[in-house]
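Every read-out reported here was derived from the displayed coordinates using simple, explicitly stated rules and does not represent laboratory data. Every value quoted in this text rests on a predicted model; they were computed, and no experiment measured them. Methodologically, a virtual Cβ is constructed for each residue, glycine included, from the backbone with ideal geometry; neighbour enumeration extends over all protein chains shown.
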Amino acid sequence: VTGQSNQNPSEYVSSGVLSAPYHGANVDSVQYFNTLNANTVSSNVVTETTGALINSSTAQFAQLTGVSGDNFSTPDSVAASITGDTLHRFDVALTDYTTMPSNSELMSQLSGNYIYVLPTSIRAFYVLDVGGTIQINSTARLDSILSSGQRAIIEVARNSITGDVTFSVNGVQLGAVVSGTSGVLDASTTSSVLLGRQLAGRIYSAQVYDGIDGTLAVDFDAGDYESGSTWASSGTGETWTINGNASIYQGY
């Protein structure tokens, strides 16, 4: 702690002092904690903060490798076929926000709508009902505000009347609102909704809303998973399937 403005000691875990079960872990020098580590480091100063309680919602996450066939999927549905205003929300911790492949997908429907993360921006790709496509990139980079492995809430909202697309990270707008082409989206694709194709890192949850402040249409929550290769969403009821070498980490 020499030279640090905060010289408070961290919580002490004894060694060679207590007898079994020691600090509750049945192993000397080890202690279980029921909260996540939320400490932060800025300018070489560590700020100690107690994190969220450890449970299935905070300790479980989807683990992705960056390989195309390793992803999570749910069949196409009426609810997923949104034509008007839409909001995509992702709770993620990606391996590297700087060097990720240019085709890393947060969520997609083949021949339909995509949300990508790129080394330079977040990209939204929409298919219009009248034909043609719209590709919108955020005007600011993710790696300008996020470090590798950092957990964040990423949101992409499209206004179908104006065509404007707004990107945000942790509730703060990322760059400028980007103007696009107005109009309703094409809902004719029957492809499954795919989550995390060619994406390396963790996804804790992902939601699609019908309307920017609208109805929850698609809901992926890693905390819903219990066992096997499929499970039902507690939010919207659709069935999610683990594909390839994707996995759900259960750390509680």
Taking GluC sites (Glu not before Pro) as exposed when in a DSSP loop with at most 16 other Cβ atoms inside 10 Å, the chain has its longest clean stretch at 49-225
Inter-part gap, Cα centre of region 187-228 to Cα centre of region 115-180, in whole angstrom, is 17 Å
Two pseudo-spin positions, 7 Å from Cα along C-beta at I153 and at D213, lie apart in nanometres by 1.6 nm
Filtering chymotrypsin sites (Phe, Trp or Tyr not before Pro) in region 121-174 by DSSP loop and by at most 14 other Cβ atoms within 10 Å leaves none
Taking R0 as 45 Å and r as the Cβ-Cβ distance between S68 and N26, the FRET efficiency 1/(1 + (r/R0)^6), rounded to the nearest 0.05, comes to 0.55
Checking V208, V67, V156 against a Gaussian network model of the chain (alpha-carbon springs below 10 Å), the top fluctuating residue turns out to be V67
Whole-number value, in Å³ per residue, for the convex hull of the alpha carbons of region 60-151 is 124 Å³
